[in-house]
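Visitor: Mind having a look at this structure? Questions to follow.
What follows draws every value from the coordinates through simple rules; no lab data is involved. Keep in mind that what you see is a predicted model, and the values were worked out from it rather than measured. When we count neighbours, we look across all protein chains shown, and the Cβ atoms used for this are built from the backbone with ideal geometry, even at glycine.
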Amino acid sequence: MSGGAPDRGGATPPGSTFAPDRLWPVLLALVALLAGALAIEVLVRGRTSPPQVVTIDRGVDTRVSADDDHGDGDDGDDTGGGVGDGALDDASAPLDEAHGRARALAHRGDLAEAVVAFRKVAAAHPADGRVEGELGYWLLASGDAAGALAALEQARTLRPDDPLIALNLGVASGRTGDTSGAEAELRRALELRPGYLSAQIALGQLLRRAGRTDEAIAVLEEASRSGGNEPRARALVALGRAYLAGDRGGDAADAFDRAIQFAPASAEIRLGVARAFLGTHHAADVDRALEALEPAIRMAPDVPQLHAAVARARLAKGDAAGAEQAYEHALRLDPAYHYARRRLLRIALDREDFPRARLHAEYLLRDAPDVPEHHFLAGLVASRDDRLDDARRHYADAIAKADGQYPEAWFNIGLLEKGAGNLDAAIDAYRKAIALRPRYLSAFNNLGLALRAAGKRDEAEATFRQALGVDASYAAAWLNLGELYGDDKRWDDAIGALRHALEAKPGYPRARLNLAGMLRKAHQLDEAITIAEGLVADQPRYVSAWSTLGAALDDAGRVEEAERAYRQTLELDGGHTGALRGLAAILRRDGRVAEARTVYEDLLDRVPDDRGGRLGLAEVLLAQGDRGGCARDAQLVLARSPDDDEARRLVATCTASP
């Protein structure tokens with residue numbers, strides 16, 4: 001962040017004995033120091049300062065969604081840069097007193113009041129594209145990309161040849177998901193002003209995010225070759241990030257080093273380097289991020305974004321307590337730093353500290369009630385805390401605040417309703433999420449699960465296939481398709497789908513487990529045993545894998561090994577019904593009827609309606625000469641299932657004369 005050009009004016013102090021030619025260097029040094037202090041002051045405030053929109057921003061917190069059928073997905077990160085690519089030219093005289101007041105509000109960081117003031121100025125001067133452009137800029141800085149887009153489109157109509165408006169319109173378009181529109185506007189800005197560094201940086205970042213890494217590198221390499229020190233440093237940080245995306249770690253390190261050389265006193269540049277390293281999710285890069293942050297914090301210890309970046313690094317290293325401490329520090333510096341508060345809410349949820357999570361959610365709703373994400377998070381907290389009506393209300397509010405455009409909220413409504421047993425409502429919610437985001441893989445997958453639970457098996461199969469049409473390597477859909485086929489005893493189809501799941505996600509534990517189970521049911525016992533043995537070797541405490549291994553070994557006639565596998569299952573989980581049933585059956589067949597009876601009774605104490613356990617106990621009682629007890633247990637099964645041939649046979653045997 002530039003501190004501005006040194007003021008070369010001033011007079012020699014009265015009584016000074018310095019010669020003028022010796023005084024100038026001292027004055028220059030003092031002015032440069034003052035300029036640096038002013039730059040740090042802007043950083044400390046964490047506010048916006050021309051000529052760049054949000055140099056150290058409050059972080060990007062992407063909407064949260066659930067994944068598959070058992071979670072709420074991952075949070076966004078404060079990678080920054082997305083808002084901070086635009087520019088503002090407000091050096092001209094204000095149109096009137098109200099315009100000047102709006103600018104003053106914005107520059108001291110009161111963005112909410114500033115936006116209101118700029119709207120009034122724009123209404124008073126409807127033909128002035130410059131005011132609409134400023135309004136769009138500050139809306140973008142405040143996080144309202146949709147509002148910024150509308151204002152900047154109006155500004156473009158009034159000032160079609162303004163490269164600043166084209167730049168900020170490109171940034172706003174990118175923020176609202178219109179990548180092609182964003183690219184077109186950024187390239188238009190470069191046509192209107194060739195070599196426009198901010199537009200080059202924004203275009204390079206857009207291309208990188210779109211996966212067009214080589215194009216991004218070409219644009220950013222050109223941007224890094226010219227301009228002042230601070231802009232070149234920003235370009236080099238963006239270039240380094242593109243190199244990282246292209247697996248060119250050495251080139252990235254060189255770019256980051258050059259960026260710091262161009263702006264050694266800039267905490268912002270070091271923060272950008274740290275965020276770039278954190279974005280790779282590699283352990284070594286987390287350490288590099290912390291190395292970049294240490295001097296930045298010494299330069300600007302009161303900048304909350306720096307402490308938030310430290311928190312991200314600590315969380316990546318598994319230090320949740322350290323991350324929480326750093327986020328709390330960031331909030332002490334700026335209680336309105338919503339990104340840090342959202343992250344603290346997440347940490348509280350992870351440890352099931354619902355009262356604390358709720359306090360954070362309530363603060364966010366009070367402080368920024370128009371942000372859809374805050375209502376979404378309040379819904380997430382309520383859902384985890386089993387306050388389902390509150391969760392429904394908050395999710396509905398999130399959708400309303402987003403003008404209906406919140407697929408993740410519909411997704412989480414689907415999760416909530418499925419968990420509550422309201423399958424039709426869950427199916428409807430997942431379909432609404434997909435209508436808003438046609439490539440929403442998790443929504444397709446969970447819709448398939450809800451349809452399967454509702455008995456709509458053909459629709460479920462078609463839905464899983466739709467997900468695979470979007471991404472043929474989506475392992476969760478292959479897994480659930482395999483389970484669906486298994487329900488229908490389509491063993492070959494199930495085995496094929498599960499093999500696809502493992503191709504898409506090698507080592508996938510649940511797919512390995514299910515494949516072993518399906519192979520066993522298809523009587524391919526050798527492979528079933530091999531897969532299950534490999535799974536328990538890799539995960540010795542995987543209870544279901546031990547139970548599946550026991551069943552496959554029992555089917556293969558390897559009874560002693562099967563008994564050991566079942567007993568290992570029960571060591572890990574004494575109430576595992578499959579292992580209790582399997583072990584009791586082995587004991588009964590081996591003539592150890594007293595021990596078998598104890599195991600069956602343990603099973604039935606836990607699950608009184610277990611068919612296998614009840615019929616097994618009837619067999620044991622018959623072997624012990626208790627025909628009345630045998631008939632009683634067999635009749636209990638027959639009462640629930642009148643067509644159960646095995647239960648009918650046992651009733652007849654137990655009631656027959658000896």
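Visitor: For the stretch 509-552, what D do you get in µm² per second when you plug the Kirkwood radius from alpha-carbon pairs into Stokes-Einstein at 4 °C and 1.567 mPa s?
Guide: 134 µm²/s
Visitor: Is there a quick way to get the dipole size of the stretch 433-499? I mean about its Cα centre, with the Cβ of Lys and Arg at +1 and of Asp and Glu at -1; what is the value in debye to the nearest 20?
Guide: Values: 9 positive and 9 negative charges, 38 e Å.
Rounded to the nearest 20 debye, it is 180 debye.
Visitor: Multiply the residue gap between Arg567 and Arg387 by 0.36 nm, knock off their C-alpha separation, and tell me the result in nm, one decimal place.
Guide: Working: separation 180, 0.36 × 180 = 64.80 nm, distance 3.98 nm.
Taking Arg567 through Arg387 to full extension adds about 60.8 nm, to one decimal.
Visitor: Fully extended, how many nm does the chain gain between Asp247 and Leu95 (0.36 nm per residue separation, minus their Cα-Cα distance)? Walk me through the numbers before you get to the answer.
Guide: Numbers: separation 152, 0.36 × 152 = 54.72 nm, distance 5.00 nm.
Contour length minus Cα-Cα distance gives 49.7 nm.
Visitor: How far is helix 525-538 tilted, in degrees, relative to the longest principal axis of the Cα atoms in the chain, given as a value from 0 to 90 rounded to the nearest 10?
Guide: So the helix axis and the longest Cα principal axis differ by about 50 degrees.
Visitor: With +1 on each Lys and Arg Cβ and -1 on each Asp and Glu Cβ, and nothing else charged, work out how big the dipole of the chain is about its Cα centre, in Debye to the nearest 20. Mind showing how you got there, number by number?
Guide: Values: 82 positive and 102 negative charges, 83 e Å.
Here the chain has a charge dipole of around 400 debye.
Visitor: Over the chain, what is the mean sequence separation of C-alpha contacts under 8 Å (at least six apart), divided by residue count, expressed as relative contact order in percent?
Guide: Over the chain, the number comes to 6 percent.
Visitor: What list do you get for Arg387, Arg332, Arg581 if you sort them by fewest beta carbons within 10 Å?
Guide: In increasing order of surrounding Cβ atoms, one gets Arg332, Arg387, Arg581.
Visitor: A further question on this structure: Within the set Lys120/Lys401; Lys456/Lys489; Lys432/Lys505, which residue pairs have Cα atoms separated by over 24 Å?
Guide: From the list (Lys120/Lys401; Lys456/Lys489; Lys432/Lys505), the Cα-Cα distance tops 24 Å for Lys432/Lys505.
Visitor: Now a separate question. Neighbour counts of other C-beta atoms within 10 Å: give me Ser442, Ser641 arranged from fewest to most.
Guide: Ser641, Ser442
Visitor: Give the order of His281, His107 when sorted by the count of other beta carbons within 10 angstrom, beginning with the fewest.
Guide: His281, His107
Visitor: Roughly how many debye, to the nearest 20, is the charge dipole of the stretch 288-422 about its Cα centre, given +1 on each Lys and Arg Cβ, -1 on each Asp and Glu Cβ, and no other charges?
Guide: Once rounded to the nearest 20, the dipole reads 260 debye.
Visitor: Which of Ile529, Val543, Leu622 sits closest to the plus end of the dipole of the stretch 516-637, meaning its Cα is farthest towards the positive end, when Lys and Arg get +1 and Asp and Glu get -1 on the C-beta?
Guide: Leu622
Visitor: Now for a separate question. Label-point separation (nm) for Asp487 and Ala218, each offset 7 Å from Cα along Cα-to-Cβ?
Guide: So the two model labels end up 5.0 nm from each other.
Visitor: Please work out which option in (i) 28.0, 80; (ii) 32.6, 129; (iii) 27.1, 89 gives Rg and Dmax of the Cα atoms in Å calculated from these coordinates, and answer with its label.
Guide: Here the calculated entry is (ii).
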